[in-house]
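To start, the structure under review is shown below, and the notes come after it.
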């Protein structure tokens, strides 16, 4: 065995490993998708193999993955780097901030900030025009006067980060009547519909103009500059300095007008990200304008199908691939959880004390929010399928463990008593009496875990593990409702199917062994 | 251990010597000494909490006494492997304790199967006939599908199928209606005329104790009040408690 392994290693080394694809990532909003796609297509045009991991969780997930070497490059903003990633105090001067962030990131994480792309995308606190007119709002100082009577709809990111709401509260004394956490994709609709009065937009968003919103001026210069730039992880710098050089071709080439136009094509016109990026690179002269678009990236060349059913039909191969990936995630994590939790639950019934403690620890895992658990995994396991499997495995433990323990422990006492009194050994009692009697309860635990797993697995898309969460995350980032539904509906159907199937197995075990026998 | 399997030929003699057992502050048995002769049926009678079930279960080591000794054929139970011992001692609970996921035949064949006897199923059928059930009719049925009386007959058959040296019955007819109980008592009496196995029967029904027991033992708060043939207890009660208990029982 060992010799074969050694021989394989030698052969592999001799042949030389195939070139590793460069992993390009983005955060889950439209502008980040466009910039990442431009980087990816530029690298491909220069002969590199690229793997896309678009729509990663948020700053913690994307930067954590970069630092851990699971991602090679993604677009980030200097202000975010300064305040949210490095935890430094805000500064005003763009050049100073860039220099500060670049040297601190390199020193701390070995991460390199390439020269900025050429535009700033700062937070834009926006209100409806009638609101601004009737309340005479032009600046954030004006807002602080009336904020106690207004409702804010802010991204979760903004609510928490120091250059977000906490900073506004400190600098301007802004306190809203109510704060609601909203996804970027729905903020604008919520504001337009009057569900909230204030939102946090990005200054480059195409929707600010479309909804005729008023952006309130930062009259005390609270915000640091948010210059967009590519951030490059340590391994790419080491392995392929040429590719890093290629990425700098974008530096200084995208001004704020260009970025707004690209965002508007995505957010207002609903054009595919790949064609927006393709056209942008061509018009910058970075790629040949005539280069035909690879079908896989271009999306439908014809105008997208109008009916939802036709849309689903067109996306069927992608939906099937996402569904099978989703099932794989659920099946593997659930299988591993059954293999561990079932024997553990049974063993715990035989220990005099401490069992409840062990089960509670598993229960506490359940209370860790999915995205947080996934974020914790990144330094240890990077991003992709492996950390997703581990997280789903951890979530599946509790229901299986709890039901196995309770089911085996609570099997009918007089049946167990009779079995013992007639000369069964403890092992025989477990094998022939307790386990069969507990089978329906054990199955119910596995069923609960499976249904939860199908739901939680949609979060795996935030760390690039794919599955039916992929179209949901992408659709949310791009405000594409049909794409969201093309993930959400199969996920819901899958949950129902898994529940129905395992419910059948549960009833069968009940008839086969349990108490509802006639 | 290669002890030959005991046959149904009178069974083993039981003896408890100065047996005490307490559960926390509750004294379940207080220095109880009693003999059960081979082939005899001893009826243990007393109120709830008198210690009769505790005494019964000390005969198959389901209860370990705090003090005193229990012997089977003059061998201390402590020197025997409890699992091997229990396979020689039949046991019936009030609600039967049949395994709900096993068919009747497999339930009855339990002890022969545990003893790895090749003819376990044949022995099960034989035991079913002994308690008045037709194996072709009942062997393949599930416990849930049986009436209460049928379930207790199956439990009795299961206790007998391993050809035990001793039979321990814990209120085996207690949960049945009066008519079914009388039928099962008749079956039991008939059984004992063909199979003279040493039997300890726990009951709180004085009439049942009198009808089925060769001797009766009255327990009260963990102490033995009196042991003797039913007629002796009735005619010469040793304590006012025994007198009252028996008077109440027979006047019903």
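All C-alpha to C-alpha distances of region B:44-181, sorted into 10 Å bins beginning at zero, yield P(r) values of 12, 39, 32, 15, 1 percent in whole numbers. Considering all different alpha carbon pairs of region A:180-266, the Kirkwood hydrodynamic radius works out to 16.0 Å. With a simple spin-label model that places each label point 7 Å from the Cα along the Cα-to-Cβ direction, the separation between residue B:137 and residue A:428 comes to 3.1 nm. Over region B:101-164, the Kirkwood radius and the radius of gyration, each from Cα atoms, give a ratio Rg/Rh of 0.93. Computing FRET efficiency as 1/(1 + (r/R0)^6) for residue B:20 and residue B:144, where r is the C-beta to C-beta distance and R0 is 35 Å, gives about 0.30.
Rounded to the nearest 10 degrees, what's the angle between the helix A:256-267 long axis and the longest principal axis of chain A, both from Cα atoms, 0 to 90? Compared with the principal axis, the helix lies near 40 degrees.
Average partner chain C-beta neighbours within 10 Å, per residue of B:89-97?
Details: counts 3, 2, 6, 3, 5, 1, 4, 3, 11.
Across the residues of B:89-97, the mean count of other-chain Cβ atoms within 10 Å is 4.
Note on chain B: Cα-only Rg and Dmax are 17.8, 54 Å.
Placing R0 at 35 angstrom, the Cβ-Cβ distance between residue A:136 and residue A:380 gives a FRET efficiency of 0.10 after rounding to 0.05. Looking at chain B alone, DSSP beta bridges between its own residues are antiparallel in about 50 percent of cases. Counting Cβ atoms of other protein chains within 10 Å of each Cβ in A:407-414 and taking the mean gives 1.
Among A:351, A:186, A:50, what is the fewest-to-most ranking by other Cβ atoms within 10 Å?
Numbers: A:351 9, A:186 16, A:50 19.
Result, fewest neighbours first: A:351, A:186, A:50.
Please pull out the direction-averaged projected area of region A:316-513, using the convex hull of its alpha-carbon atoms, in nm² to one decimal place. About 12.3 nm², averaged over all directions.
Diffusion of region A:25-173 by Stokes-Einstein, at 4 °C in a medium of 1.567 mPa s and with Rh set to the Kirkwood radius over alpha-carbon pairs, works out to 75 µm²/s.
A Förster distance of 35 Å, applied to the separation of the beta-carbon atoms of residue A:410 and residue A:144, puts the FRET efficiency at 0.05.
Distance between the pseudo-spin-label points of residue B:247 and residue A:209 (7 Å out from Cα toward the beta carbon): 11.0 nm. Please compute one quarter of the surface area of the Cα convex hull for the protein assembly as shown and express it in square nanometres. The directionally averaged projection comes out at 48.4 nm². Simple spin-label estimate for residue A:108 and residue A:320 gives 4.7 nm between the two label positions (7 Å along the Cα-to-Cβ direction from each Cα). Per-residue Cβ neighbour counts within 10 Å put A:489, A:446 in the sequence A:489, A:446, beginning with the fewest. Distance from the alpha carbon centroid of region B:98-144 to that of region A:412-449 works out to 20 angstrom. In region A:123-216, the DSSP beta bridges split such that about 55 percent are antiparallel, to the nearest 5.
The shape of region A:123-216 comes out rounded: with a ≥ b ≥ c from the C-alpha gyration tensor, a/c is under 1.5. The stretch between residue A:179 and residue A:261 holds 26.5 nm of extra length on full extension. This uses 0.36 nm per residue minus the Cα-Cα distance. Pairwise Cα distances in region A:421-518 exceed 15 Å in 69 percent of cases. Output the 0 to 90 degree angle, nearest 10, between the alpha-carbon long axis of helix A:355-367 and the longest principal axis computed from the alpha carbons of chain A. So the helix axis and the longest Cα principal axis differ by about 30 degrees.
With 10 angstrom as the radius, rank B:70, B:19, A:429 by how many other C-beta atoms surround their C-beta, starting from the fewest. Could the numbers behind the result be given before it?
On the way: B:70 21, B:19 26, A:429 17.
The order, fewest Cβ neighbours first, is A:429, B:70, B:19.
Report the Cα centroid-to-centroid distance between region A:314-379 and region B:175-216 in angstrom, as an integer. Using only Cα atoms to place each centre, the spacing works out to 56 Å.
Rounded to whole Å, give me the distance from the Cα center of region A:265-287 to that of region A:459-488. If you average the Cα positions of each part, the centres end up 21 Å apart. Compared with the dominant Cα axis of chain B, that is its longest principal axis, helix B:120-130 is turned about 60°.
Bridge orientation summary for the protein assembly as shown: considering DSSP beta bridges with both residues in this region, about 55 percent are antiparallel. Projected onto its three principal axes, the C-alpha set of region B:194-245 covers 37, 24, 16 Å, listed from the longest axis down.
Readers should treat all values here as calculations from the given coordinates under stated rules, not as data from a laboratory. For clarity, every value in this text was computed on a predicted model and none was experimentally measured. Methodologically, a virtual Cβ is constructed for each residue, glycine included, from the backbone with ideal geometry; neighbour enumeration extends over all protein chains shown.
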